[in-house]
Amino acid sequence: MNGHRILACVVAVLALLSTAPLVAGPKKPAKVAAPTLDKDLANEIFAVLERGTRSADMETRATAVASIARVRPEVLKDYVVDALKDPQWIVRRASIAALIRIKDTAYREALGQAIANSTLYERKELSPLALVLSLPMEEAIQLLEEALTKVKDVRDIILQEIFRKDSPLAAQFYEGLRKIPAVKQWVMDNLTIFKDLKMYPLLVKTTPELEKADLLKVFKYLETLDASYDVSFLKAYLLPPKKGVAPYDEEVVEGAAFNLALRGDPKGVEIILPICDENDIHRQLRCLQGVKGLATDPEVKERAKLFLYGDPDPDVLYAVYDIFVTAKDDSIYDRVLQRLQSTNLGHRAASVFFLGRLKGNRALPQLHELLRDGSSIIRLRAAQAIGELRQAESIPFLADALKHDADEAVKKELVKALGSIGEKSILDTVSFLIFDPTVRDEAIEAICKVRHREAIATLRNVLQTQFTKEQRSAALKAIIQISPAEGFNTFKGCLGWIPEGFLEELAQEVKGEFVPYLAAALESINDRVREEAVLAFRHVGAEAELKVLEREMFSAKDVKLRVKILERLAELKGDAAMELIGAFFKDENRDLRLASIRLAAKYAKADSPAVATLRGMLMDPDEAYRVAASVSLMDIFLVP
């Protein structure tokens, strides 16, 4: 009995094992065959593109030239290489791009000539530089070296693009091109490219190779950078020279030490501090400016105090006061007060300027009194000091001073001080000043800082045509920031002139509340404004963007705008985009139809119904559609 049971169990286990995989683990996904272009379709496409290479329309001709060798590589010489002689750059460019793609060097001479032709850079989308940047790095550098060495006209165009901010290839190209004399000189004249944190390490790497004049130029540039940039590499210039090696030039050592001192390095301060003892005012001033980086150091403060005696140069006195302010040390306050009684106007001005910085709001009564001083420079410094303190109690004093002061420079500082305070009570004083040409800019800036509804009425006055576009732009932005709801109607009236970048800046800041503004901008008569509105929508949220763009896609009248919207909607919809794209395959408008055909290449799959539609287009009477459909079909079927 037991034997039968055991046998039954064994049979059951064997049955289970026969249905289970022999090796445990995840199933391997079945291989999906890559879609392929059948022979008949390939022949149809070739016939279309072959005729397209002779098209009277240069854009159609360029499209055909760029793609014909993909379907039949053996025709390269007959169609693609020959197109290098085409009179139209757009066609020659397509030929070069096709040859680069298949790694045929026949393009080299034509591309070399194109790089050196400054007229070909006028349309960014057709720039020859983009072709160069698509090459392997070594070859790109070789071509650029030839152009940069021989042709001065294109040097700025090429290097500004290569080293533009956030360029992903800037560092690699710098490494490859930096020893070319023309490039080296350009870089020395454009050191700001190293403000990019990806580029800055290359400046550090380069400094040991520089001659004295260039090295000092780099040191001067480093003085303009903030403390986030590491200058510790400069310590090498302060070390004693190795045996058999000449010491660094004194100017070089001092330049390195000055930068280190600015960032609080004790060794840098130690080298710079003795310069304060020299009799040259400019050298004394440089010393004080450098050692401010270690303002709390007792030796630095003691050396600085020596200048408080006697009759120092006013600029030197400013630098001394600045050291004590930086150190948060008000021990010199009594001496500052004494200088207020000086007959030296420069000394008085320095003392006025630093009163508030040393004593804060406790200095306000004295500063208010100084607004009536007989010297315009004292009144100006007092206004600046009051503006830094930003206290509402100063408003009546500043307003009163504005009524009586006739000096233009002082009036500007008084208005700036009111703007720094930013209270709505300044409006009574500042609103009328937008019509005073001597302080108009300052008045508008001050009103823009008042984040209160009562400022809107005055800001609307600034939108009149008598004001500059910059002034109107600042006023409009302030109105929208104060009240997005109230600003809407005002905004609609400004669509004809709003400056480039305005919509994107506000969309990033205001977010969802800016959606109605962008929708209104799509109705502008200004082409640029409409295009910028489409781009700015990406900052307000995908749901809102999708809703508005879908509506505008079918209601907008401007074709270029509709093309932009179609491209963006396809991007938002992703895999679901073909339903929308397909709706324009037979559109009456040529640009929209061509755009939909091109987009199909990106979003249609080989088993999509769109393929049959595109194949049918190969017989279309219009050659542009036939060629565009041919290229899209090759892209869908992954033809390399």
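The values are calculated or read from the model by the stated rules, or taken from the named source; none is laboratory data. These numbers come from a predicted model, not from an experiment. FYI the Cβ positions are ideal-geometry reconstructions off the backbone, even for glycines, and counts take in every protein chain you see. For accessibility, only protein heavy atoms count, side chains too; no ligands or nucleic acids. Shrake-Rupley method; radii C 1.70, N 1.55, O 1.52, S 1.80 Å.
Remarks
- Rounded D (µm²/s) - the stretch 286-378, Kirkwood Rh over Cα pairs, Stokes-Einstein at 37 °C, 0.692 mPa s: 244 µm²/s
- Cα-based reach from Lys267 at 23 Å (exclusive), listing lysines while leaving out same-chain residues under 8 positions away: Lys205, Lys212, Lys217, Lys220, Lys235, Lys242, Lys243, Lys292, Lys301, Lys305, Lys328
- Calculated log₁₀ intensity ratio I(q)/I(0) where the Debye formula runs over C-alpha points of the stretch 123-268, q = 0.16, 0.18, 0.19 Å⁻¹: -0.89, -1.04, -1.12
- For the chain, the carbon plus sulfur part of the accessible surface works out to 53%, probe radius 1.4 Å.
- Computed over the stretch 399-557, the range of Cα coordinates on each principal axis works out to 61, 26, 20 Å, biggest value leading.
- Kirkwood Rh, angstrom, the stretch 478-600 [1 / mean 1/r, Cα pairs]: 14.9 Å
- Computed 3J(HN,Hα) for the stretch 425-430, one whole-Hz value per residue from the Karplus formula 6.51 cos²θ - 1.76 cosθ + 1.60 where θ = phi - 60°, is 5, 6, 4, 4, 8, 8, glycine and proline marked x.
- Charge dipole magnitude, Cβ of K and R +1, D and E -1 - the stretch 383-542, Cα centre, debye nearest 20: 380 debye
- Working note: Cα atoms of the stretch 467-526, range along each principal axis, descending, whole Å: 29, 25, 20.
- Projected-area average for the stretch 172-251 over all orientations - Cα convex hull basis, square nanometres: 6.0 nm²
- Normalised by 2.2 N^0.38 Å, where N is the number of residues, the C-alpha radius of gyration of the stretch 211-258 stands at 1.19.
- Extended-chain gain in nm, criterion 0.36 nm per residue less alpha-carbon gap, Ser228 and Lys212: 3.2 nm
- Charge dipole (the chain, unit charges on Cβ, about Cα centre) - positive-most of Ser630, Val154, Gln466: Ser630
- log₁₀ of I(q)/I(0) at q = 0.16, 0.25 Å⁻¹ - the stretch 592-633, Debye sum with one point per alpha carbon: -0.32, -0.77
- If the convex hull is drawn through the Cα atoms of the stretch 418-462, its volume per residue in Å³: 59 Å³
- If you take the Cα centroid of the stretch 558-585 and the Cα centroid of the stretch 427-492, the two points sit 39 Å apart.
- Within the chain, the selection of entire DSSP H helices by a Cα span of 24 Å or greater along the long axis and an average Kyte-Doolittle value of at least 0.5 returns 2-19.
- In terms of overall dimensions, the C-alpha atoms belonging to the chain reach 105, 93, 75 Å along their principal axes, ordered largest to smallest.
- Check: the stretch 141-200 dipole with +1 on Lys, Arg Cβ and -1 on Asp, Glu Cβ, in debye: 160 debye
- Gyration tensor verdict on the stretch 132-200 (Cα atoms; rounded if a/c is under 1.5, prolate if a/b is larger than b/c, oblate otherwise): oblate
- Rg ratio for the stretch 349-453: its Cα radius of gyration over 2.2 N^0.38 Å, N being its residue count, equals 0.98.
- Using 0.36 nm per residue and subtracting the Cα-Cα separation, the extra length available between Thr613 and Arg108 on full extension is 177.9 nm.
- Point-to-point label distance, Phe46-Lys469, nm (Cα→Cβ direction, 7 Å offset): 5.4 nm
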